[in-house]
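Q: Submitted below is the structure of interest, expressed as structure tokens.
Throughout, read-outs are computed from the coordinates displayed, never taken from laboratory work. Computed from a predicted structure; not experimentally measured. Ideal geometry is used to build each Cβ from the backbone, glycine not excepted, and the neighbour counts take in all protein chains shown.
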Amino acid sequence: MSARQKKIVWPILAMLIFVSSLVFAAGRIRYGAASTGNRVDARPENTSGISTRTGVRVDPGATVVPQGASARGPVQNVRFTLYDAGIYPREIRVKQGAVAIAIEDRTGHTSGLMIERENGNGVSIGQVKRFTDHWRGRGQFKVQPGRYRVFDTSRPANQARLIVEP
């Protein structure tokens, strides 16, 4: 390659690389966050302690953190898998504080997972629903020490236990 050709080719090559990197970066910024597809209703749950239209009571002492909101401190991650035969694992132990509960629906037609205290009065602290058109879902709750019953809302006989230690 002659010196004259080098003076023309290298600046053009450098400009093409620069322009293509800008186009790539702009595409990542514009479409990066929207491509996850995890659109979730981020309205806070009813924490008034009265029955809702569905007949589910909500514990006024439990704090429900809406999807997308950040809770201070560490968050423990827990995953329950829903099968036709039951929920796996049957029992999980966590520490007091913020707990992110993820569900994976292997049945294909459950409406979600309900979490309620095991003190006999049927007061619910919240529900984890599947994302629209997906077989997974996620919810975040702040839990106090005690025992919680976790059950499939479509099959209440399928249960698991969440034990919160101080």
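Q: At what distance in nm do the modelled label points of Ser2 and Ala14 sit from each other, each positioned 7 Å from its Cα along Cα→Cβ?
A: Here the answer is 2.2 nm between the modelled labels.
Q: Restricting to DSSP loop positions (anything but H, G, I, E, B) with no more than 13 other Cβ atoms inside 10 Å of their own Cβ, which trypsin sites (Lys or Arg not before Pro) remain in the range 82-160?
A: The qualifying sites are Arg90, Arg106.
Q: Continuing with this model, one more query. Given just the C-alpha atoms of the range 73-166, how large is their convex hull per residue in cubic angstrom?
A: Cα-based convex hull of the range 73-166, divided per residue, equals 82 Å³.
Q: What FRET efficiency comes out for Ala26 versus Ala157 if R0 is 45 angstrom and r is the Cβ-Cβ distance? Round to the nearest 0.05.
A: Values: r = 53 Å, r/R0 = 1.17.
Efficiency for this residue pair is about 0.30.
Q: Report the extension gain between His134 and Arg90 in nm, rounded to one decimal, defined as 0.36 nm multiplied by the number of residues separating them, less their alpha carbon distance.
A: Numbers: separation 44, 0.36 × 44 = 15.84 nm, distance 2.34 nm.
Going from the current span to full extension adds 13.5 nm.
Q: List the lysines whose Cα lies under 21 Å from the Cα of Lys95, skipping any in the same chain that are fewer than 8 positions away.
A: Partners found: Lys142.
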